[in-house]
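Here's the structure, in C-alpha cells; my notes come after.
A short reminder: the numbers here are calculations on the coordinates, not readings from a lab. Model, not experiment: these values are computed from the prediction. Neighbour counts run over all protein chains shown; Cβ positions are idealised from the backbone, glycine included.
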Amino acid sequence: MGGPLKLFGGSCNPTLTEDIAESLGVPLGQAQLTRFADSEVSFQITENVRGADVFVVQPTAPPVNEHLVEVLVMIDAFKRASADRITAVLPYYGYARQDRKDRPRVPITAKLVADLLSTAGTNRVVAMDLHVGQIQGFFDIPVDHLFAAPVMLDHVSSLNIEPLVIVSPDAGGVERARAYAKRLKVALAVMDKRRGDNHEIETIHVIGDVSGKTALIVDDMVDSAGTLVRAVDALHEAGAKRVLAACTHAVLSPPAIERINASPIEKVIVSNTVPLRQDAQECDKILVLSVASLLGQAIKSVHEETSVSSLFV
C-alpha cells in the first residue's frame with residue numbers, strides 16, 4: 001500500500017493493541033473514544049488518516065454487543081475520513097457459534113456480523129481461530145484466518161510431555177486437533193458428545209487410546225467451561241493420567257473459574273485475544289500466552305502486500 005500504516009484500537013483489549021503496536025514499532029493512532037450519557041458510542045479521529053492503511057484492533061468479547069457496535073462506528077469514521085484501506089483485526093470474532101441453521105427459525109449471526117462489517121466500510125478482515133473456518137466464506141472481502149497454534153505448540157513442546165495425546169472435544173474440532181497432533185507427532189483422540197432434548201450434554205465417549213497418557217484438549221474457546229470439565233472427567237474415566245487444555249479464546253463466563261478450580265484439570269492454556277476477567281487472573285490453573293507478535297507479523301505482511309501463509313498451520 002502507498003499510504004502509511006496506522007494502528008488504532010477499541011476499548012475491549014487496549015493492552016493487546018499496545019503490545020501489537022510495540023511489536024510493529026509504530027505508535028498508536030490518535031483518537032477519542034467515549035460514550036454519550038445514554039451509552040451511545042462517540043468516536044473522533046484526531047489525526048489525519050487520508051490515504052492511510054488503517055488497522056482497527058477490536059475483539060468482540062463480552063460485552064459483545066457493545067464492542068461490536070464500537071468497532072462498526074470506528075470503521076465508519078475511518079471510511080468517512082478517506083482512509084485508503086480499512087482492515088478490521090478481530091482477534092476474537094463474536095457471534096460465531098451461530099454459523100448455520102441447526103434448528104428451525106434461528107438466525108445465522110456469524111453471517112450477519114460479516115455483513116455489518118462490510119457495510120460499515122471494512123476492506124479486509126484479520127481474524128484468529130474462528131469457531132469454524134467456513135465463516136471466511138460469509139465475507140465478500142479478503143479474510144486472513146490466523147491460528148494461535150504456533151504460540152501454543154511452542155509452549156507445549158517446551159513441556160516435554162510423554163506420552164501425549166491430543167484430544168478434540170467434538171467432531172467439529174477434529175481438523176484443529178489433527179494439526180496439533182501432526183506438528184507434535186503424537187496420537188489423536190476425539191470426544192463423542194450426545195445431547196438431550198434440552199441440548200445439554202448427557203454422555204461423552206472417548207474415541208481413541210488415552211490410557212496412561214497426558215491428554216491435551218484443543219479447542220477454539222472456553223466459555224462457561226461446562227463442556228470442558230465434562231470432557232476432563234470422561235478422559236480420566238478412560239484412563240488418562242493427566243489432562244490439560246489449550247483454548248485460544250478465554251471468554252470464561254461465570255461460573256467457568258469455579259468449575260475449573262473444582263475440576264482435576266491441571267492447566268488451561270489460553271491466549272490474550274480476550275482480556276481476562278478478574279477471577280481468571282487470580283486462577284493459578286490459567287496460563288496466558290501472548291499472540292501480539294503473531295498479529296503484528298500478519299498486520300505487517302498485509303500492509304507490505306507480502307504472504308501471510310507462513311503464519312498458518
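Across region 69-153, the convex hull enclosing all Cα atoms gives 104 Å³ per residue. Past 19 Å, Cα to Cα: identify those pairs from Lys213/Lys267; Lys6/Lys79; Lys111/Lys300, in the order given. Lys111/Lys300, as the Cα separations exceed 19 Å there. Each Lys or Arg adds one and each Asp or Glu subtracts one; over the other residues with Cβ under 15 Å from the Cβ of Val26, this totals -4.
Could you give the dipole magnitude of the chain about its Cα centre, charging the beta-carbon of Lys and Arg +1 and that of Asp and Glu -1, in debye to the nearest 20?
Details: 30 positive and 38 negative charges, 121 e Å.
The calculation lands at about 580 debye.
Using a Gaussian network model of the chain in which every pair of alpha carbons under 10 angstrom is joined by a spring, one finds that among Asp154, Asp76, Asp19 the greatest mean-square fluctuation is at Asp154. Over all orientations, region 1-152 has a Cα convex hull whose mean projected area works out to 10.1 square nanometres.
Sum -39500 (n - 2.57) across every DSSP H segment of at least 4 residues in the chain, then divide by the residue count to get the 222 nm mean residue ellipticity, nearest 500. Kindly include the intermediate steps, with their values, before the conclusion.
On the way: 9 runs with 97 residues, N = 313.
That comes out to -9500 deg cm²/dmol.
Region 28-77 and region 136-174 have Cα centres separated by 30 Å.
Think of the chain as having a plus end and a minus end, set by charges on the Cβ of Lys, Arg, Asp and Glu; of Gly172, Pro59, Met74, Gly172 sits farthest toward the positive end of this dipole.
Taking 2.2 N^0.38 Å as the expected size of a compact globular protein, what ratio does the Cα radius of gyration of region 149-289 give against it, to two decimals?
Working: Rg = 14.0 Å, N = 141, 2.2 N^0.38 = 14.4 Å.
Compactness ratio reported: 0.97.
Principal-axis analysis of the Cα atoms of the chain puts helix 226-237 at an angle of about 30° to the longest axis.
Please name which of Val274, Ile20, Val308 has its Cα lying farthest along the dipole of the chain towards the positive end, using unit charges on Cβ (Lys, Arg +1; Asp, Glu -1) and the Cα centre as origin. In the chain, that residue is Val308. Taking a straight Cα-Cα cut-off under 14 Å and skipping sequence neighbours fewer than 8 places away in the same chain, the aspartates and glutamates within cross-link reach of Lys285 are Glu258, Glu266.
Over all other residues within a Cβ to Cβ distance under 11 Å of Leu235, the charged ones net out to +2, with Lys and Arg as +1 and Asp and Glu as -1.
So in region 26-180, what percent of DSSP beta bridges are antiparallel if you round to the nearest 5? Could you put the intermediate results ahead of the total?
Numbers: 5 of 18 bridges.
The antiparallel fraction comes to roughly 30 percent.
Beta bridges assigned by DSSP with both partners in the chain are antiparallel in approximately 20 percent of cases. The angle between the Cα long axis of helix 292-304 and the longest principal axis of the Cα atoms of the chain comes to about 40 degrees, rounded to the nearest 10.
So in region 149-289, what percent of DSSP beta bridges are antiparallel if you round to the nearest 5?
20
Build a GNM of the chain with springs between Cα atoms under 10 Å apart, and of Cys283, Cys247, Cys12 the one that fluctuates most is Cys283. Taking packing as the residue-averaged number of other Cβ atoms within 10 angstrom, the listed peptides 217-225, 101-109 run from highest to lowest as 217-225, 101-109.
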